[in-house]
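Only one structure is covered here, and it is reproduced in the block below.
The values are calculated or read from the model by the stated rules, or taken from the named source; none is laboratory data. Note that the structure is a prediction, hence the values are computed from the model and not measured. Cβ coordinates were reconstructed from backbone atoms using ideal geometry, including for glycine residues, and neighbour counts include every protein chain displayed.
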């Protein structure tokens, strides 16, 4: 009974009891081919923010990413080899939180009442070996048709007010105004303008308040009914902060845990939005490329959108 | 005079004295659009190997990549928030060499006689702040048309003999046999079968000798004359080991330093090759997504090829 | 009732229900002063092995310790300051397992049946914040009188046979033969010769089998009855491997969990043993200096013994 | 000639051209034994500050130290062994700058005009392998008699004014007032009260200005003429900030580079000072225990002083 109740949650069981990819199952190769054929300019936009200690949106508990030098011109590693004294190699080591700056949440990132997406138990995650279920390597890199909804443009503001809750009506109105069709298996990119504001404020040496515009629970139905495969946004958590319904991570629970929708956070969407406006389309071909770290709960990403 | 001599090296100066992107300048949005329009099946292939301590091609001096847990179900981080006791987040920290497993070399990765690509001095690399010139963030993520040359299939072997030097004639013969056109601005993917052999030997508990098939200096002219934008292969160094001409990193010097061609190493090309054979094409749309770490000399990557 | 049963385990409750220092409570300042006054030569011996990737006893799952350079002579960090162009600083970052090479186990290192020393629940350890109870910072650095029992010398062998179980009779016989008095609050240093063998075998390029001589359960009564404050040895786990009584970590359970005795592993005792033999004493003044990392389960150490 | 001039610098050449230990050569076992015999109470004081992200004196460019969990109660590492299901181990990985919080500077930490102590060339430090000369492992752990000069007590203030330059006369006056004899081979511990002020201000949520009381160049003669073996203080750089003589790191250059005196920074001296006042002595037995990381430029330490 309890089992049955559980499998009734969102998309749990929809792709079988062993599924670990969630709504990425909705991506269809034909749809990707169609998106490729609709490419207009061939211009590619990288959606990852610079990875560096300063000027990036970083949560303290994750630590700032560190690039350390592994080898440099001071080393004489190759001196014993023919020609080795004339050549040198520079290499780095990165110490980086999986959820640093621009990143993707794996389906094991958040658990609710002890369960991940599809009812997998939270105890399947172990400290040393990581996620046995729904790790980022189960998602892998993928391509999808993507639709960008540029809400600040739609609402004629520079950025949505911090704390503004994006509704289903906002998404529908914006899509209609942009004249873009949302299809099953699409990735949905929601621009709030948060990072533009973050950059402006940070450059000016001002603290950025944590409140952010983002999706509310009402918007989840838009994602569910359109069978969206993945959602990305230019804010810290996809969802509005303070959290909707006054429940911590309420939209993460609805999207990541219940529906199995992987999330992309801190995407830099403003250049893409400008390019799309110029190209006269709000659909593009998107590739998302998490590092396939076995057992990891997420990965920094640098997606590419081709308009 | 010395200056003039320098600018006569390979592609130095070709895109101006400040250029830090090398042959990536050859990529043209129209060519990318054309590649997108030629997509056949829409099937996407991820080219990154699993990132893990065991069973991966790792050089000792780089250390094995480590996934460490930052937060787990044992933490009660959100207990003070509404609903916070019912929700938890798992996160990781990665400690990973920039040139781990499947990765891209930035143009500052190798210096020859104290110079990087375009004549930038090796001293522009600093230990603490990294590369001031030709760092991986100057490359960024990009899309390109890519051509795969499947040499083992062309030569009807499971994998090229370790130490086999791939020649220009091999590349031309393979392209002709495959019926694929190589265009300016293409990425070139060269399959040697090395990783297939590595996996088989490693699974069987056997040591894999370091000798590998790869490009020789003769093959460089193919890349130069076809104006290839980037080169990737399924071996450790793109180039044949032992090194051609008995000069340490001789092909890296020719490609990375002299021509400014970014390199992708340890690409998993076998699934892509099989998919291409089935789709009847050896061209695809490729996106390459290094993490934009400021000042880094390379990045792990997980490129996506759409056939 | 269950509570009462719990407090009957070993030293649980002996220093109150909130105690997190275990047998370190047995150290008495007067005893330390007495040990200082008995110092003979003033010669100091460092007991830590070199911390490096190669030639050190490292368990794979902990990873080899890494020293990475943070700043070097390539950096011009101080150029903007008066005299700054003439001065430079080299610094490192260490990535090191807390139980690397020569280290100390905090009392939270091992749990048995869900409990740490003194009955603290294993769930008091959290992934992100570490040990709330019995972390290494609760031990802190300390001084103690220490007695070295040099078993290979006692038994006239170069090193104890791998897998040899050290008994109470061995310890008593060795102490008697050495003419050394064991006092309450002493640290006990047990030399097995394992590291001498490890070094010889490793230098010769041979694999060292994992079996090691070490303390058995029978020897635990010696430690308990003499009210030993801390135990160190020159092997990997203090205890014999394969484990005594065929129970995994059986002596760790008895010493660390039940008695609250902090353990020091991979101590280099051979130079100290030789110095003591020459000085004609097997007692010394020992200082043990774990890094006070808040919430950590252990720390690399480099103790100093003054003979 | 140039060679001769070089060897005339400070202590360069004093212990031979290959010496890498500097003034630690001044420590004499007999002096250590004498210090041991003069121990009064046997009370041990740990001089290391807590190692944690918050509330510690950390320089941004070094990054905050991180304790990450390697294994925890969520892992079932030992399940396959006899008794293994009933036992678990918690372990950590530390990512920590060598010069974090309470630490020791190796003699290769600072170079002046391209030279380390004893004239070793700055180029002997390499990024990958670290210091070939004067690394921390050449210092090793050591014991010494130590004298504490408690300047705030001497001057009857809570802490020395930030930016106050401690002179030779201050040190002599304080030693005389305290009635303590300074001997050749002693470690010198200079209390400024900076950390007391740092803690108070930090607890109150206030920023601590970077200016600090510390040694000036005038005080260097005190150290040289008394043949001090090592110097420690409770501030960030031993020396006064802003730097004396308006030369960046001027006292580091004089002590570390010219005289070969290893430095200990951010020592917590206040509890020791109180204990000494009570015991009626300002001399103690000190052990300093840097981690012997091969090639490292420094190490976090947690010295123990026995009064």
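Miscellaneous remarks
- Matching residues in segment D:18-37 - criterion: being more than 22 Å from residue D:307 (Cβ to Cβ) and in contact with a helix residue (DSSP H, G or I) (Cβ under 7 Å, 6 or more places away or on another chain): D:19, D:20, D:21, D:22, D:23, D:24
- In segment C:260-279, the residues that are crowded, with 24+ Cβ neighbours inside 10 Å and in a loop (DSSP other than H, G, I, E, B): C:260, C:261, C:262, C:266, C:267, C:269
- Residues being touching a residue at least 24 places away in the same chain (Cβ under 8 Å) and part of a loop (DSSP other than H, G, I, E, B) - total across segment C:228-259: 10
- The single condition from (1) out of contact with any strand residue (DSSP E or B) (no Cβ under 6 Å at 6 or more places or on another chain); (2) surrounded by 24 or more Cβ atoms within 10 Å (Cβ to Cβ); (3) closer than 30 Å to residue C:123 by Cβ that residue B:116 fails is (3).
- Residues of segment A:157-174 that turn out to be surrounded by fewer than 16 Cβ atoms within 10 Å (Cβ to Cβ) and part of a helix (DSSP H, G or I), as a count: 3
- Here residue B:305 fulfils each of the conditions (1) in a helix (DSSP H, G or I); (2) within 14 Å of another protein chain (Cβ to nearest Cβ); (3) touching a residue at least 40 places away in the same chain (Cβ under 8 Å) apart from (1).
- Scan segment D:280-297 for residues that are more than 18 Å from residue C:287 (Cβ to Cβ) and either more than 7 Å from chain C (Cβ to nearest Cβ) or outside any strand (DSSP E or B) (or both) and the total you get is 7.
- Some residue of segment C:17-25 being closer than 30 Å to residue C:250 by Cβ, part of a strand (DSSP E or B), more than 8 Å from chain D (Cβ to nearest Cβ) and touching a residue at least 60 places away in the same chain (Cβ under 8 Å): no
- Number of the condition not met by residue A:258 [criteria: (1) within 10 Å of chain B (Cβ to nearest Cβ); (2) over 22 Å from residue B:304 (Cβ atoms)]: (1)
- Just one of (1) over 26 Å from residue A:306 (Cβ atoms); (2) surrounded by 23 or more Cβ atoms within 10 Å (Cβ to Cβ); (3) at the interface with chain B (Cβ under 7 Å from one of its Cβ atoms) fails for residue A:86. It is (2).
- Number of residues in segment A:41-56 that are more than 7 Å from chain B (Cβ to nearest Cβ) and surrounded by fewer than 19 Cβ atoms within 10 Å (Cβ to Cβ) equals 3.
- Every residue from segment B:177-221 that is within 16 Å of residue B:150 (Cβ to Cβ) and part of a loop (DSSP other than H, G, I, E, B): B:179, B:180, B:181, B:182, B:186, B:192, B:193, B:213
- Only one entry of D:88, D:31, D:42 meets the criterion of being assigned by TED's automatic domain parsing to the domain that holds residue D:268, in contact with a strand residue (DSSP E or B) (Cβ under 8 Å, 6 or more places away or on another chain) and within 30 Å of residue C:257 (Cα to Cα), and that entry is D:42.
- Residues that are buried (at least 24 other Cβ atoms within 10 Å of the Cβ), at pLDDT below 95 and facing another protein chain (nearest Cβ under 9 Å) within segment C:130-156 comprise just one, C:141.
- Scan of segment D:94-130 for residues that are under 28 Å from residue A:63 (Cα atoms) and in contact with a helix residue (DSSP H, G or I) (Cβ under 8 Å, 6 or more places away or on another chain), ordered by number: D:97, D:98, D:99, D:100, D:104, D:105, D:106, D:109, D:110, D:128
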